[in-house]
1. Taking the 0 to 90 degree range and rounding to the nearest ten, how far is the long axis of helix B:159-169 tilted relative to the main principal axis of chain B, both from C-alpha atoms?
2. Amide H of B:N11: which non-local residues (sequence gap of 5 or more, or other chain) have their own amide H closer than 5 Å, using H built in the peptide plane?
3. Between beta-carbons, use under 11 Å as the cut-off and find the net charge around B:N146, counting Lys and Arg +1, Asp and Glu -1.
4. May I have the convex hull volume per residue, in Å³, for the Cα set of chain B?
5. Once both labels are modelled 7 Å past Cα along the beta-carbon direction, what's the A:K18-A:E66 spacing in nm?
6. Each residue of the range B:256-264 in order: what ³J(HN,Hα) in whole Hz does its phi give by Karplus 6.51 cos²θ - 1.76 cosθ + 1.60, θ = phi - 60°, with x for Gly and Pro?
7. Apply the membrane-span-like helix rule to chain A: whole DSSP H runs, Cα extent along the own long axis of at least 18 Å, mean Kyte-Doolittle hydropathy at least -1.0. List the helices found.
8. Near the amide H of B:N269, under 5 Å away, which other amide H atoms are found, from residues 5 or more places off or on another chain, if H is placed in the peptide plane?
Amino acid sequence: MPILITNIKNNLINEAIKHVQAEMVILILNKELQADIHIPHRIEYLDALDPEKSAQIRDILDHALEEGEVELALEADAMGLQILESAKNYEIFKKKNILIAKNGKLDTFLACLC
Amino acid sequence: MYHVMLVPTLNCPSNCSYCWGSKDNAGVMDIEIIELVVDWLKNYRDEPVHFTFHGGEPLLAGYDFYKKALPMLKEGLEENEAGFSLQSNLWLLNDELAQLLRNYDVAVSSSLDGPKDINELQRGEGYFDKTMAGYDIARRNNLPVNFICTFTSYSKDLVDEIFSYFLECGYNLKLHPALPSLRGDNSDPWALSPEDYGELLIKLLDMYLEHMDEIKISDFDHFCKSYFIRKGTVCVLADCLGDTLAVDFEGNIYPCYRFVEMPEYVMGNVRDKPTVEDLQKSEAWKVIQSFMDLVDESCKKCRFIKMCRGGCPYNALKSDEGHIKNVDPQCTAYKMIFEYISKLATKEMMVNMMPSDPSLKPVKKGGIMSLMIK
């Protein structure tokens, strides 16, 4: 089952869902963010980020990896960077395509998370 | 939390070239107004309140005023966890006042436009020495002071010199662009255009990122935080209506200190203990509400709408001579800095994704992402 983990907060999220044909989406947002994003998917809110919180992201990744094939679509902000840093702990994300919201569109990058 | 700006007087002993916030022979607030403020706010909103004493020069109200006002507000509004700030040129600060302000954890800000020669030109002869004398008194009484640096059409070209000055002195600062006023045209020649302000912000952000361990420029912390949480964290980047109020020496209530003593913007008076619903019926409230409605429509396609909410309604009113026809002209500057933050954040992401890509220069530790979670 394709699972999308993302922090994208605008309509590019729908493009990302379509791109990876996600059957499950986990949107990770900062707790201070009053999101008005309406997607019928799971939204995880985390506190302002610190090293301890990366453990929460790793938990989310662990569970998602048990359930299916995980794809990342990230927006460049502190949460996106934290998800990326957490992904570096997993072999599966090394040399894997990652979607990045950049200049108002989605780009695919072959990440080297080493 | 909501914010009430108390303006004890619009009098001011200094004579800054671009100032629009003072007035000669203005009245001075009596302590009775503070009693009325406490009575009014006890049942106004059930949430924390922060007071800023502003002016004119608020210390003209005198030691006795603050000796009564601070405990009156603190104890009278204990359930609202009242907190305090004060914006002053510090000329009238003495040891007694400094200790009083410190005892009530008053966050003090003062204006300083850079080294002495730039200050003297923009703020008048003698300003620098008098403010520094007050700053010395604050320091010896352990009263922290942050500085607000106004950039004008003149000083924008001296940004390197000004930044170095604050860096060398170890002063934290907040930026303020000189802006046109509804009260007169004396500030117009000094006003910073939105394009110049945007360029200034970008240049200063680069300097800040190089020296983040040595200095704090709170504006950039707010811009980055606002970008991250998609919500403005200071008044000019947020829907301020109802969350910011100002009270003048007679107890008149305005949407912000920038409207003080402009009768057409009076929303009510503390003597009448108006409710939020009462203030909503005022013409001034409706004017600011019309600004928010305009932002919802005009900016709906802007990707930064949630981060700046069209800027400051006062600036919008000024740009169309008292009418709401457009958003804050500083929108241009806000777009420029948010675009730049977005670009820097993307670069930091890419460097982390592809560290071996030779086209991507390494990012210094503590980059733009660290400001987002500061």
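Nothing in this text is a laboratory measurement; each read-out follows from the coordinates by a stated rule. Note that this is a predicted model, so its numbers are computed, not measured. Note that each Cβ is placed from the backbone with ideal geometry, even for glycine, and that neighbours are counted across all protein chains shown.
1. Orientation of helix B:159-169: about 70 degrees from the principal axis.
2. Those lying under 5 Å, H to H, from B:N11 are B:K23, B:A26, B:E57.
3. On the way: positive: B:K174, B:K216; negative: none.
Cβ neighbours under 11 Å give a net charge of +2.
4. Numbers: hull volume 52.5 nm³, N = 374.
Measuring per residue, one finds 140 Å³ for the Cα hull of chain B.
5. 3.4
6. 6, 4, 5, 9, 4, 6, 10, x, 5
7. Values: long enough: A:53-67 (22 Å, -0.65).
Span-like helices in chain A: A:53-67.
8. Sorted by chain and number, the residues that satisfy this are B:I253.
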